[in-house]
Amino acid sequence: MSLPLKNFSAIVHLISPKSFPSFRKMHTTRLSAAKREIDPSAESKNPDDDSVTKLRVFVRKKRAKKTVQAIVEAIKPETFDQKPCSLPEIEDFAYGKQSSFSRSNEVQPPSDWEKVIEGIRKMRSSEDAPVDSMGCEKAGVSLPPKERRFAVLISSLLSSQTKDQVTHGAIQRLLQNDLLSAEALDKADEGAIKELIHPVGFYSRKASNMRKVAKICLDRYNGDIPSTLEELLELPGIGPKMAHLVMNVGWNNVQGICVDTHVHRICNRLGWVSRPGTKQRTSTPEQTRESLQLWLPKEEWVPINPLLVGFGQTVCTPLRPRCGICAVSGFCPSAFKEAPNPSSTPKKK
């Protein structure tokens, strides 16, 4: 129960100072010493007064505000506004944002790169590769320009993690069944599309993406394909490698190098590309593209893809490359150093 402040003086007046002859000096540094009992002599003077014998005095020590204020003043207000480090937005990692690779005069081409390309061209001229007759750029060569662009787009979509021979066979079956146009694919049954494109990699997902792409091309582009790199990358199942290939072949608009797994592997073996600021190999085809474009002349951006793809299919293969017959092994820092196939390594017991 709390009493009004105006009655406090009256209560103090009722308590006689004679009942409290002395108070023990209270310690100000410990809270446990803040309460003290009344002198026992008061109990002998008035033994019937229980309120006096049980009275406890609590003193709450006031906290020093100056110390707190000094600490607050010591912290400058501008420190709260500073951002010592800032995390990049997730969109900064998306394709099309500013690249970590920057073109500068300090980027020098690899030594003897022209001799390497010339040597690869000589080897390629003596032996055909699957890409020469069954690559994505060969899709729909007999079709009108509009239909051929759509055929190249679908062929690029099917080529992901699929050999050229398998992709070419799927395109031929779609063409024979008149399903190589946006209008036909939009009306076709998805199950029928799966049967025709099997056994391409991830054929179920690709069949679904094919119908989505056909619908977008009909609704937005009157059955044609997008004419910009950014719009192509918005299509389901289309990545940077495919988009650059479609731009080069379909629209004759060179905006970058088409880098697939073969180009990515061979450029790293030759030491042509590296991560920015280091000598480490690039880890993705997109990093390879950005690094390669820093020094490779633009007139080589289109022919470099079929050249290295065919070279990778016949000589510089993913497993057990044929360095013994390679005419440019003398320029390759990775020649005869390829690690053995992990699947052939005996397991430890």
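The values are calculated or read from the model by the stated rules, or taken from the named source; none is laboratory data. Note that the structure is predicted; figures quoted are calculated from it, not measured. Here the Cβ positions follow ideal geometry from the backbone for every residue, glycine too, while neighbour counts run over all protein chains shown. In case anyone asks, the SASA skips ligands and DNA or RNA and just uses the protein heavy atoms, side chains included. Shrake-Rupley method; radii C 1.70, N 1.55, O 1.52, S 1.80 Å.
Does Glu234 satisfy the criteria of being among the acidic types (Asp, Glu) and over 32 Å from the mean Cα position of the chain (by Cα)? Considered against the rule, which asks whether it is among the acidic types (Asp, Glu) and over 32 Å from the mean Cα position of the chain (by Cα), Glu234 comes out as no. Taking the range 137-163, which residues are crowded, with 18+ Cβ neighbours inside 10 Å, over 23 Å from Gly223 (Cβ atoms) and without any contact (Cβ under 8 Å) to a residue 40 or more places away in the chain? The one that is crowded, with 18+ Cβ neighbours inside 10 Å, over 23 Å from Gly223 (Cβ atoms) and without any contact (Cβ under 8 Å) to a residue 40 or more places away in the chain: Thr162.
Could you check, for the range 260-269, whether at least one of its residues is closer than 30 Å to Ser142 by Cβ, touching a residue at least 24 places away in the same chain (Cβ under 8 Å) and not β-branched (Val, Ile, Thr)? Yes, some residue in the range 260-269 is closer than 30 Å to Ser142 by Cβ, touching a residue at least 24 places away in the same chain (Cβ under 8 Å) and not β-branched (Val, Ile, Thr). What number of residues within the range 188-205 satisfy the criterion of being open to solvent by 60 Å² or more (accessible area, probe 1.4 Å) and hydrophobic (A, V, I, L, M, F, W, C)? Total satisfying the criteria: 1.
Residues that are under 15 Å from Thr317 (Cβ atoms) and surrounded by fewer than 18 Cβ atoms within 10 Å (Cβ to Cβ) were ranked within the range 124-136; the one that is nearest to the chain's Cα centre (by Cα) is Pro130. When residues in the range 281-306 are screened for being open to solvent by less than 20 Å² (accessible area, probe 1.4 Å), aliphatic (A, V, I, L, M) and closer than 21 Å to Gly135 by Cα, 1 of them pass.
For (1) of a type outside the set (A, V, I, L, M, F, W, C); (2) open to solvent by less than 60 Å² (accessible area, probe 1.4 Å); (3) within 14 Å of Pro306 (Cα to Cα), each residue gets a yes or a no:
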{"residue": "Leu229", "(1), (2), (3)": "no, yes, no"}
{"residue": "Leu235", "(1), (2), (3)": "no, yes, no"}
{"residue": "Ile238", "(1), (2), (3)": "no, yes, no"}
{"residue": "Ala243", "(1), (2), (3)": "no, yes, no"}
{"residue": "Val249", "(1), (2), (3)": "no, yes, yes"}
{"residue": "Val254", "(1), (2), (3)": "no, yes, no"}
{"residue": "Val263", "(1), (2), (3)": "no, yes, yes"}
{"residue": "Trp272", "(1), (2), (3)": "no, yes, no"}
{"residue": "Lys279", "(1), (2), (3)": "yes, no, no"}
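Is it fair to say Met210 is at pLDDT 95 or above, crowded, with 18+ Cβ neighbours inside 10 Å and either among the aromatic types (Phe, Trp, Tyr) or under 24 Å from Val254 (Cβ atoms) (or both)? Considered against the rule, which asks whether it is at pLDDT 95 or above, crowded, with 18+ Cβ neighbours inside 10 Å and either among the aromatic types (Phe, Trp, Tyr) or under 24 Å from Val254 (Cβ atoms) (or both), Met210 comes out as no.
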